[in-house]
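Derivation of every value follows stated rules applied to the coordinates shown; laboratory data play no part. Nothing here was measured: the structure is a model prediction, and the numbers come from that model. Glycine also receives a Cβ, built like all others from the backbone with ideal geometry; neighbour counts cover every protein chain displayed.
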Ligand code: ZN
């Protein structure tokens with residue numbers, strides 16, 4: 001995750017969500033005794049297991065697999081190793097994998113670096129498509145560590161970069177069985193975190209390259225919507241509505257947070273959150289309504305403590321549940 005511009009600024013005013021049940025159902029529900037917190041949690045867990053096929057523990061295993069590689073910095077051996085692992089994984093589950101290669105020159109670096117977005121397509125013949133994305137590179141410096149001497153130590157970035165990839169790896173198991181009429185592309189952006197000088201360096205190389213190619217090449221298919229996943233696995237993660245998402249893709253925000261409410265995924269908080277500059281900006285500029293699902297409150301952001309032990313299967317499961325339920329309505 002790159003930058004939070006206005007932490008916790010309540011600028012956006014969200015319109016109320018129309019929730020799924022009819023008035024009479026609501027009235028009937030009102031008469032039932034309210035469940036206790038524990039009952040609610042166990043109901044939720046039951047529903048999760050029943051309705052949505054997603055294995056949060058296996059997804060956690062994928063976060064560990066990614067972190068076992070070590071740092072996955074753009075252009076590094078770790079990134080190549082990750083690409084090999086992912087290509088084999090997604091192809092095994094029936095995805096069509098392509099690498100969108102390009103070169104990028106960072107302001108603070110002498111030489112350009114080879115980068116590649118990874119695109120995994122499901123139902124590639126369908127012309128109406130949606131996009132699930134996240135960055136898969138990790139930051140070369142852990143620059144939120146108060147002790148500057150620690151910045152260059154190996155930084156695993158389990159949640160920031162790892163979690164979105166792991167969720168999509170787990171989702172790959174489910175893709176063939178979903179009842180959706182749209183084609184789906186998973187796009188893993190490179191070069192989101194290739195930052196050595198936080199004040200002057202550029203972010204978003206991968207998403208900007210991807211968006212420019214989409215506008216330039218005018219492919220026959222169109223993306224109706226995009227969901228960006230960033231830092232989705234923190235313990236007790238909370239996803240308030242990121243402000244650029246609200247202003248640039250408000251209808252999609254309402255769809256997703258309504259699904260979350262219907263699915264009782266409490267991590268999705270329908271309140272204005274901070275404004276975050278992230279990979280969704282390039283997608284929105286390219287005419288793809290794109291929403292950033294992001295937990296800005298993760299305390300290990302850009303610290304060496306961003307490790308699998310500080311991630312949670314429950315948070316991953318809630319995000320997956322929303323994505324799958326939303327896809328099944330498409
Ligand atoms: Zn980050």
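Rounded to the nearest 0.05, what FRET efficiency do residue 199 and residue 222 give with R0 = 35 Å and r taken as the Cβ-Cβ distance? Could you check?
My answer for the efficiency is 0.40.
Using the per-residue mean of other Cβ atoms lying within 10 Å as a proxy for protection, in what order, highest first, do the peptides 299-312, 101-114 fall?
Top to bottom by mean Cβ count within 10 Å: 299-312, 101-114.
Share of antiparallel DSSP beta bridges in the chain, in percent to the nearest 5?
Around 45 percent antiparallel, to the nearest 5.
Find how many whole Å separate the alpha carbon centroid of region 180-241 from the alpha carbon centroid of region 81-107.
14
Please state the relative contact order of region 51-161 as a whole percent: Cα pairs under 8 Å, 6+ residues apart?
About 28 percent, as a whole number.
Sort region 97-238 into rounded, prolate or oblate with this rule: let a ≥ b ≥ c be the square roots of the eigenvalues of the Cα gyration tensor; rounded if a/c is under 1.5, and if a/c is not under 1.5, prolate when a/b is larger than b/c, oblate otherwise.
Cα axes put region 97-238 in the oblate bin.
Ignoring everything except DSSP H segments at least 4 long, calculate the 222 nm mean residue ellipticity for the chain; use -39,500 (n - 2.57) per segment, divide by total residues, nearest 500.
It comes out at -11000 deg cm²/dmol, rounded to the nearest 500.
How high is the relative contact order of region 203-330, in percent, counting Cα pairs under 8 Å that sit 6 or more residues apart?
Dividing the mean separation by the residue count of region 203-330 yields 40 percent.
Counting only C-alpha contacts under 8 Å and six or more residues apart, can you give the relative contact order of the chain as a whole percent?
27
For a protection proxy built on the mean count of beta-carbon atoms within 10 angstrom, sort 181-192, 117-128 highest first, please.
The densest-packed peptide leads the list: 181-192, 117-128.
Stretch residue 105-residue 212 to full length: gain in nm at 0.36 nm per residue minus the Cα-Cα span?
36.9 nm
By how many degrees, 0 to 90 and rounded to 10, does the Cα axis of helix 37-51 deviate from the longest principal axis of the chain?
In the chain, helix 37-51 runs at an angle near 70 degrees to the longest axis.
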